Amino acid sequence: MVQKILIAAIDKDGGIGKDGYMPWHYPADLKLFMNLTMGNTIVMGRKTFDGMFDREKVPLKGRQNIIVTSKVAEYRSQFADKYPSSELGFTDDLNCGDVELAKDTKIFYCGGANLYQQTIDTVDMMYLSRLEDSYDCDTFFPQDPQSLGQEFAPYIPAYMAKSFSDRMAGKKSFTFEIYAPKPLIIY
Ligand SMILES: NC(=O)c1ccc[n+]([C@@H]2O[C@H](COP(=O)([O-])OP(=O)(O)OC[C@H]3O[C@@H](n4cnc5c(N)ncnc54)[C@H](OP(=O)(O)O)[C@@H]3O)[C@@H](O)[C@H]2O)c1
């Protein structure tokens, strides 16, 4: 069974984006995102892909990038020559049932709001970076993470909390939380 994980960075007010982008720059969070997702499959909504592709940020290296869109044929024909499907694929199936996935991969749903909304009730775990500041956002995480307490238990691995407080000293800080169903199962 493929493990499915939602991964997001959320500001103090639940904001996740503005005008198709993330209105902040947290290098440590980007590095964390890279380390957690490397070698696996990342699934993103078409609007997030467009915003990142404009700035030549995707496809993200070392990961199979799957873009969810209703315009599969249009996007495939646009990108098929440039990238093999093992690097960049397009689907209209959130479960990626029609995509050939790498063996033993995890699926990371990495935004945006539309994709989070549709997957939040079905994922096995959530990785949330909670930014301590507020930003001017026009797109928001679909649910207050605090309200997920019934089904999900926030959990910060001790080794991570320590290394983060060490590394983030004097820089913009955030808290990394893992939300997993109770009882907590660490894979
Ligand atoms: N803070 C974070 O961690 C984070 C992470 C990622 C993105 N973001 C931000 O989130 C914002 C974008 O979010 P968004 O909600 O506007 O858009 P989105 O979720 O990125 O993309 C929505 C699009 O995905 C496609 N889609 C979604 N579900 C589908 C389904 N079941 N079947 C077929 N197609 C489907 C549709 O594309 P078509 O219209 O092509 O059919 C839809 O218009 C940006 O500001 C971005 O920077 C933030």
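Look at Lys172, Lys57 and count the other Cβ atoms within 10 Å of each Cβ; fewest to most, that gives Lys57, Lys172.
Rounded, prolate or oblate: which fits segment 6-101 when a ≥ b ≥ c are the square roots of the eigenvalues of the alpha-carbon gyration tensor, with rounded for a/c under 1.5 and prolate only if a/b beats b/c? In terms of gyration-tensor shape, prolate. Stretching Asp121 away from Ser147 to a fully extended chain increases their span by 8.1 nm, per 0.36 nm per residue minus the current alpha-carbon distance.
Counted over segment 1-155, the DSSP beta bridges are approximately 10% antiparallel.
For the residue pairs Lys31/Lys71; Lys18/Lys172; Lys57/Lys106; Lys18/Lys103; Lys57/Lys172; Lys12/Lys61, alpha carbon separations beyond 28 Å are given by Lys31/Lys71; Lys18/Lys103; Lys12/Lys61. Counting every other Cβ atom within 10 Å of each residue's Cβ, Asp124, Asp29 order from fewest to most as Asp124, Asp29. What is segment 4-181 by shape, rounded, prolate or oblate, if you read a ≥ b ≥ c off the alpha carbon gyration tensor as root eigenvalues and call it rounded for a/c under 1.5, prolate for a/b larger than b/c, and oblate otherwise? Taking the square roots of the gyration eigenvalues as a ≥ b ≥ c, segment 4-181 is prolate.
This ranking places Asp92, Asp11 by how few other beta-carbon atoms lie within 10 Å of each, fewest first, which gives Asp92, Asp11.
Given a Förster distance of 41 angstrom, what is the FRET efficiency for Asp133 paired with Gln3, based on the Cβ-Cβ distance and rounded to 0.05? The computed FRET efficiency comes out at 0.85.
The numbers here are math on the coordinates, done by the rules we state, and not lab data. Quick caveat: nothing in here was measured; it's all calculated off a predicted structure. FYI the Cβ positions are ideal-geometry reconstructions off the backbone, even for glycines, and counts take in every protein chain you see.
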